[in-house]
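Down below is the structure, laid out as structure tokens.
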Amino acid sequence: DGKGWPNKGRRRRGRTIGQVNMAMRQARDPHQAMRQLRSIGQATPSVSNHEMVEVLKSSAQKAVMKLTAKKRLLNEVFTLQEEILKLAEDDDGSNLKTVMEAELFNTITAGGRRKGSICSANMINSSNNETLSAVIVRLFSYAEMLQKNHAAKQADGSRRRETRSSSPLHELIKKILELKRKTVHRVHEERQGASHGSNNLLPQQTQTSSQLLIPFHRNLVPKDEAFVSCPYCNHESVNLLEESLQFHSHNVKLLEDYQKRMKVWDTYLKEVDRAEKSKRSKPRYPIDPITGKEMTRKPRNPGKRELKQLQAR
């Protein structure tokens, strides 16, 4: 409406109008300006295991790692398990060898123990993309600890074969850590929603032409002061899209439904485990508490396609 211009130097959550203008002048495109603006006074957010799994399991043309490459990498880990566990044995106080052996390579099921995620080549080759991606993400932290052990041995002057810089084990560790670097980089790219030429205002959000034509309305001004001013022109004319007004309750409902389904599914898995131990027949699939239908697979955690994000224009 042309009114309400903010005073120069007025602070909004630690950012000044001068910083906004500087970000805009130094950027050649609005997307770069938006990324630079977000970075002012903010630390780089950490990347969760869930985000890395979501990126790794992608089967897009430019996927970080294809399914066949995942199987090849994990088969390499399986082949070198003796060297890996020997290097893990030197970890001080964290029981790294015991943990890795139980989680990855264990083949004994007595006493309620579960088989390791990659205890055989057959298990690796028969696992689906999401399962393999989750195993690889867990390997990232293990590889970092193994690298520290390797560096410590090198510093101590050890010349044993498994600690040489040119050994297959060392090359495998480097390969896994490089994969982590690429995965984290891809996560940050997806967060930024950096597809040039689009009208994304927030990561993974593109507004339609009809949304962009909606006139300004004071009732749709964001309550959070940090979102009131437009980062492009500094004018206090930002509006929430009507689609965003119920985004919070929508997301809460989705997550609550997921938790209810997981509770039912976990109970079913315990019943299956008890049936196997007592050599009874497998129990019937559970009933979905939301839809009332039979659940034949593990519930899927709501992702970015299902969860709604706050949108403004």
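Counting only residues that are open to solvent by less than 70 Å² (accessible area, probe 1.4 Å) and either closer than 20 Å to Glu130 by Cα or of a type outside the set (A, V, I, L, M) (or both), the stretch 278-305 holds 11 of them. Taken together, the residues in the stretch 120-139 that are open to solvent by less than 20 Å² (accessible area, probe 1.4 Å) and under 15 Å from Glu76 (Cβ atoms) amount to 5. In this structure, His31 does not qualify as in a helix (DSSP H, G or I), closer than 17 Å to Glu130 by Cα and modelled with pLDDT under 90. With respect to the stated conditions, Thr107 is in a loop (DSSP other than H, G, I, E, B) and within 20 Å of Ser127 (Cβ to Cβ). If you go through the stretch 90-106 and pick out every residue that is of a type in the set (D, E, K, R) and exposed (fewer than 14 other Cβ atoms within 10 Å of the Cβ), you end up with 1.
Screening Arg261 against (1) in contact with an Asp or Glu (Cβ under 9 Å, 6 or more places away or on another chain); (2) at pLDDT 80 or above; (3) under 27 Å from His188 (Cα atoms) leaves a single unmet condition, (3). Among the candidates Asn75, Asn21, the residue that is outside any loop (DSSP other than H, G, I, E, B), modelled with pLDDT of 90 or more and of a type in the set (S, T, N, Q) is uniquely Asn75. Taken together, Asn200, Asn149 contain a single residue that is surrounded by 13 or more Cβ atoms within 10 Å (Cβ to Cβ), at pLDDT below 90 and not in a loop (DSSP other than H, G, I, E, B), which is Asn149. For beta carbons closer than 9 Å, sequence separation of 6+ or different chains, a first residue in the stretch 256-273 that is touching a residue at least 24 places away in the same chain (Cβ under 8 Å) and a second that is in a helix (DSSP H, G or I), the qualifying pairs are Asp273/Gly112. Scan the stretch 247-277 for residues that are open to solvent by 60 Å² or more (accessible area, probe 1.4 Å), within 25 Å of Thr109 (Cβ to Cβ) and of a type in the set (Ser, Thr, Tyr) and the total you get is 1.
Filtering the stretch 120-158 to residues that are more than 25 Å from the chain's Cα centre (by Cα) and in contact (Cβ under 8 Å) with a residue 40 or more places away in the chain leaves Ser120, Ala121, Asn149, His150, Ala152, Lys153. Taking every residue in the stretch 282-305 that is in contact (Cβ under 8 Å) with a residue 12 or more places away in the chain and acidic (Asp, Glu) and pairing it with any residue that is open to solvent by less than 80 Å² (accessible area, probe 1.4 Å) and part of a loop (DSSP other than H, G, I, E, B), at least 6 positions away or on another chain, the pairs with Cβ-Cβ distances below 8 Å are Asp288/Met295.
The values are calculated or read from the model by the stated rules, or taken from the named source; none is laboratory data. Every value quoted in this text rests on a predicted model; they were computed, and no experiment measured them. Here the Cβ is made from the backbone with ideal geometry for all residues, glycine too, and neighbour counts use every protein chain on show. Just so you know, the surface numbers come from the protein's heavy atoms only, side chains and all, with ligands and any DNA or RNA stripped out. Shrake-Rupley method; radii C 1.70, N 1.55, O 1.52, S 1.80 Å.
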